[in-house]
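Visitor: Got a structure for you, questions after.
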Amino acid sequence: MDMRTRERRGIIACIFAVVLTYLLLASFLGLDLFAHSPYDSYTLQALAWRSGRVSLPRDYSYLELAHYNGNVYVSFPPFPTLIMLPLTFLFGENTPSMLVNCLLFAISGILAYKICRKSGRSPETSALTGFFWVCGCNLLEVSLYGGVWNIAQGASFCLTMGCLRALQEEEKPLSRGRLFLGPVLIACAVGCRPFQAVYVPFVLMRLYREERRVCPSPGRAVLASIPCLIAPALIAAGYGLYNWARFGNILEFGHNYLIEYTDEGGVMLSFSHFLTNLKNVFRLPYIEEHRLMFYPAYGFAFYLCNSAYIISLAETIRRVVRKQTDGTDAVLLLSLFLHFNLMMLHSTMGGWQFGTRYLIDLIPALMYYVLRRKEKLYVQDLLLMGWGIAFNIYGAAVLHTLF
């Protein structure tokens, strides 16, 4: 079989497996793919923008909204609103929130396949790894719904994957288009999940190294990188101005003005949450009435729900023992370490959920780190991948039927 045929069959197999798993699980749970979620704050924000407002016209008691100076605001970073905005012209307030998240999920699967192929894997291995990358973690459960939390994570995951693919190392120097696209995509991801900013050093390093391949001196490489940073800088400035217009603080997206913090005295990010969260995310599932059960709030056993963490740990040990680490590995590992610890500072760690949904934000960079130097898939990798896919299908079904 020629490579073109294998390539075509590989990507079709990956897309088919990802979409079929999603649709079968959604069907089992009785979900409507075209339904609008009442928890889709982004559509409300888009409609407010269309009417010339940055605040919402009224309060919604069941949503996480910020209350500040007598106004009500969406308390999430604004980028996903740009995704929902054009849909409001077609569907009004009943945008197909779940379909949006389904498409983001499918695109993430395609990008996972592309990254695998460009890292030297066969079409067959890439299809399997791409399937695992999105269905073998808590993104599967998160993507089943169109709430504000779900869309934020689905969009962030997809945009981060796009950034990694755009800046992925290749034998030939990357095109100018890809060097411009990568920083823009990570800037957009930060507008979904602000802690994705921890990967900016990796982006800057990749820009510099690519420019250094064609520039005769380090100084010229730095100067050549600057035009690629103008668009993401403008995007970041847009976030800051939007925050300033609402809260008088360029870094405030609104979470600190949720009622649970303003009226009840809580703190969203604090070192006081660290040890509690760390304990929770290591809790093991348990057997109850001959059934494997788990804690449905505040997280549990992140390494079982997202087995990419175990694969990455084993790969890190292998590289250290064989002295095969490099500067890119170091930057990625430091970014992942910082990201993990920042998540432990959050007061809720995602609240009601299957697994530890906040920690899926790390998985694009985590798997990219694994794939950029991992030589092949071993039997233990295949077992962990199979476990990850099966456990996430099981967990999503259990969470929404028994709890």
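Visitor: Multiplying the sequence separation of Ala397 and Met293 by 0.36 nm and subtracting their Cα-Cα distance, what value in nm do you get?
Guide: 36.3 nm
Visitor: Three principal axis extents, largest first, for the C-alpha atoms of region 75-181, in Å?
Guide: Result for region 75-181: principal-axis Cα extents of 47, 32, 25 Å.
Visitor: Determine, from the Cβ-Cβ distance of Tyr261 and Arg6 and an R0 of 45 Å, the FRET efficiency 1/(1 + (r/R0)^6), rounded to the nearest 0.05.
Guide: My answer for the efficiency is 0.25.
Visitor: Add -39500 (n - 2.57) for each DSSP H run of 4 or more in the chain, then divide by its residues: what number comes out at 222 nm, to the nearest 500 deg cm²/dmol?
Guide: Result for the chain, helices only: -19500 deg cm²/dmol.
Visitor: Given the Cα-Cα distance of Leu82 and Val19 and 0.36 nm per residue of separation, how much length would full extension add, in nm?
Guide: That pair, Leu82 and Val19, stretches by 20.2 nm at full extension.
Visitor: Okay, moving on. Can you pull the percent of Cα pairs in region 1-106 with separation above 21 Å?
Guide: More than 21 Å apart: 49 percent of the Cα pairs in region 1-106.
Visitor: Size of the dipole of the chain about the Cα centre, Lys and Arg at +1 and Asp and Glu at -1 on the beta carbon, nothing else charged, in debye to 20?
Guide: The calculated dipole for the chain is roughly 1640 debye.
Visitor: Run the paramagnetic zone check for Val222: 7 angstrom along Cα to Cβ, then residues of region 193-213 with backbone nitrogen under 19 Å.
Guide: 200-213
Visitor: What percent does the relative contact order of region 3-402 come to when contacts are Cα pairs within less than 8 Å and at least six residues apart?
Guide: Reported as a whole number, the value is 19 percent.
Visitor: Do any GluC sites (Glu not before Pro) in region 184-277 lie in a DSSP loop with no more than 15 other beta carbon atoms within 10 Å, and if so, which?
Guide: Glu264
Visitor: Something else now. Of Ala224, Ile11, Leu304, which is farthest on the positive side of the dipole of the chain, counting Cα position, with +1 on Lys and Arg Cβ, -1 on Asp and Glu Cβ, and the Cα centre as origin?
Guide: Farthest towards the positive pole: Ala224.
Visitor: Sticking with this structure for a sec: Helix by helix, which DSSP H runs in the chain go 15 Å or more along their axis at the Cα atoms and have an average Kyte-Doolittle hydropathy of 0.0 or more?
Guide: Qualifying helices, which must be both long enough and hydrophobic enough, are 3-28, 79-91, 97-118, 123-135, 148-166, 176-190, 218-247, 308-322, 327-343, 379-402.
Visitor: Ranked from highest to lowest mean number of other Cβ atoms within 10 Å per residue, what is the order of the peptides 70-79, 300-309?
Guide: 300-309, 70-79
Visitor: Turning to a different aspect of this structure: Going by average Cβ neighbours within 10 Å, how do the peptides 130-142, 41-53 rank, with the highest at the top?
Guide: Ranked from most to least packed, the peptides come out as 130-142, 41-53.
Visitor: Okay, moving on. Running a GNM on the chain with Cα contacts under 10 Å, which residue among Gln196, Gln153, Gln168 ends up with the highest mean-square fluctuation?
Guide: Answer for the Gaussian network model of the chain: Gln168.
Visitor: Let me ask something additional. Under the rule a/c < 1.5 gives rounded, and otherwise a/b versus b/c splits prolate from oblate, where does region 322-382 land using the Cα gyration tensor?
Guide: oblate
Visitor: Where the Cα atoms of region 286-403 are projected onto their three principal axes, how long is each span, largest first, in whole Å?
Guide: That gives 47, 35, 18 Å along the principal axes, largest extent first.
Visitor: Give, in nm to one decimal, the length gained when the segment between Tyr208 and Leu29 is fully stretched (0.36 nm per residue of separation minus the Cα-Cα distance).
Guide: In short, 59.7 nm is gained.
Visitor: Taking N as the number of residues in region 84-128, what value does Rg over Cα atoms divided by 2.2 N^0.38 Å take?
Guide: It is 1.67.
Visitor: What is the distance in Å between the Cα centroid of region 157-201 and that of region 75-91?
Guide: Between the Cα centre of region 157-201 and that of region 75-91, the gap is 21 Å.
Visitor: A further question follows. Which listed residue (Ser156, Phe131, Asn280) has the Cα farthest towards the positive end of the charge dipole for the chain, taking +1 on Lys and Arg C-beta and -1 on Asp and Glu C-beta about the Cα centre?
Guide: Checked the options; the winner is Phe131.
Just so you know, all these numbers are worked out from the coordinates, no wet-lab data involved. From a predicted model like this one, the values you see are computed outputs, not experimental measurements. In this analysis, Cβ positions are derived from the backbone assuming ideal geometry, glycine residues included, and neighbour counts consider all displayed protein chains.
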